[in-house]
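Colleague: Got a structure for you, questions after.
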Amino acid sequence: MIGLAAVSPEHELSRQADRCRALGSPFIADILEAADRQLFLAPLTEAAIRNWPGDPAAAAVGLRVNGALHALARRGSPQSLAALYRREHEDFDGAVAVALSRSDQFIADWIRHPTQTNEVARAGAIMSALMAAPLTQPMPFDLLELGSSCGLNLNLDRYDYRLGSVCAGDPLSQVKVAPDWWGPPPPVRPVSIATARGVDLQPLRASDAVDRERLMSFVWADQPTRSERLAQALKIAIVQPPRVDQGHAAAWLAERLAEPQPTGHCRAVVHTMVLQYLDADERQHLSTMMANAGDKASPDRPLIWIQFEWTPDRQTVELRLTSWPTGRSDVLATCHPYGDWLRWRGAASMGSFSERATQFSPADRASGDFEPLPSKMASA
């Protein structure tokens, strides 16, 4: 498996600011640029960033700092920072400087923990991939999600979707997922979720007010639609708590894959923005584990792997679907990191359940839309 290119910690906040501005969040970019300039006022936080044990970009250190500052603003302290977030003034450097100098310990402690965005809009990509699964007959899915955070995307069948010209999910849901869509629509197929279970190193609970506030703090303050969607998803999760276990993804997944799979169920392993937190050996282990499980798959007990992840150069987020028993892998779409838009490509062949082919021509294999995988998936 190709590793993710490491980035120097030097000016990591300004690097992330550039990315935020490119993604349409100039306010967050201004916050992070001010934090980069004023970081010397927070020696504990500065030392943590400068001496980060690993790749700070892969660990999303800039977004951790942004989350800490947003959390302080939501609490109303310091007042100048809260007023800045309410757009009552534009003194970014002044407000951020006060926050860094007064709350250095809080920020340094906050950034020790990974981001917990649990972005609900990514459920649109997951739902699209489930609809595109190359099943030989209709069957329900058993979801297994790695890096579930609060598990909000385990409740994806309780949301209302507009995916291009296709409607899906629960039309009465208060959670609306309607990404900007380019390209043809996904296949129109019903999605039934039989079971849904996830794992996270530090799972959050929708019933916990502190956990809810942490999630809300990681939403970019200049994107109110995201905040509202998250708030509505949390309300659903309080009533319908998703099952999220605490543990390491690889060990947990090995246990789940070893469990009997009901006949007529499709097992679906899903993760969004998780690979960047794994080292090269861990990513390779995950690939090997999935390929070994795929060797045991059959048409009446299929296995699919849905990945919503950065490319190694961190320039593009791809939605990839790998399916067994065929071992076929397609990049279904390129996506906005938070699921705001999808550029749908789909699989090279998207026939009906009865039209699924298990053999591919040399032309298929040579095309850019189809990537055959070896039995043990030596690379991904």
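Colleague: Which residues does the label zone of L201 cover in region 34-69, counting backbone N under 12 Å from a point 7 Å along Cα→Cβ?
Modeller: 53-55, 59-60
Colleague: Right, another one. Read phi for every residue in region 119-124 and hand back ³J(HN,Hα) as whole Hz from Karplus 6.51 cos²θ - 1.76 cosθ + 1.60, θ = phi - 60°, with x for Gly and Pro.
Modeller: Once rounded to whole Hz, the list reads 5, 5, 4, 5, 4, x.
Colleague: For an R0 of 45 angstrom, estimate the FRET efficiency from the Cβ-Cβ distance between A22 and D170 and round to the nearest 0.05. Could the numbers behind the result be given before it?
Modeller: On the way: r = 33 Å, r/R0 = 0.74.
Step by step, r from the Cβ atoms, then E = 0.85.
Colleague: P(r) for the chain: what percent of alpha-carbon pairs falls in each 20 Å bin, starting at zero?
Modeller: Per 20 Å bin, starting at zero, the Cα-Cα P(r) for the chain comes out as 28, 56, 15, 0 percent.
Colleague: If you average the alpha carbon positions of region 203-239 and of region 28-85, how far apart do those two centres end up, in angstrom?
Modeller: Centre-to-centre (Cα) distance: 20 Å.
Colleague: Moving on to the next point. Express in whole angstrom the spacing between the alpha-carbon centres of region 96-145 and region 277-310.
Modeller: First find each Cα centre; the distance between them is then 19 Å.
Colleague: I would also like to ask the following. Specify the angular offset, from 0 to 90 degrees and rounded to the nearest 10, of the alpha carbon long axis of helix 92-102 from the longest principal axis of the alpha carbons in the chain.
Modeller: 80 degrees
Colleague: Another one. Given Cβ point charges of +1 (Lys, Arg) and -1 (Asp, Glu) and nothing else, what value in debye, to the nearest 20, does the dipole of region 129-284 about its Cα centre take?
Modeller: The dipole of region 129-284 has a size of about 440 debye.
Colleague: Turning to a different aspect of this structure: Compute the helix-to-body angle for 249-258: its Cα long axis versus the longest principal axis of the chain, expressed 0 to 90° and rounded to tens.
Modeller: The answer is roughly 20 degrees.
Colleague: Relative to the first principal axis of the alpha-carbon coordinates of the chain, what is the inclination of helix 280-295, with its axis defined by its Cα atoms, in degrees from 0 to 90 and to the nearest 10?
Modeller: 20 degrees
Colleague: Now a separate question. Out of the DSSP beta bridges found with both residues in the chain, what percent are antiparallel (nearest 5)?
Modeller: 50 percent
Colleague: Hey, another quick one. For S14 and S77, what is the calculated FRET efficiency with R₀ set at 35 Å and r taken between the beta-carbons, to the nearest 0.05?
Modeller: 0.85
Colleague: Mind checking which of V120, V274, V239 has the largest fluctuation in a GNM of the chain, springs on alpha carbons under 10 Å?
Modeller: Greatest mean-square fluctuation among the candidates belongs to V239.
Colleague: Sorted by mean Cβ packing within 10 Å, highest first, what order do the peptides 297-309, 123-135 take?
Modeller: 123-135, 297-309
Colleague: Can you show me the helix-derived [θ] at 222 nm for the chain, built from DSSP H runs with n ≥ 4 at -39,500 (n - 2.57) apiece and divided by the number of residues, rounded to the nearest 500.
Modeller: -11000 deg cm²/dmol
Since every read-out is calculated from the coordinates, none of them should be taken as a lab result. Predicted model only: the values in this text are computed from it and were never measured. Ideal geometry is used to build each Cβ from the backbone, glycine not excepted, and the neighbour counts take in all protein chains shown.
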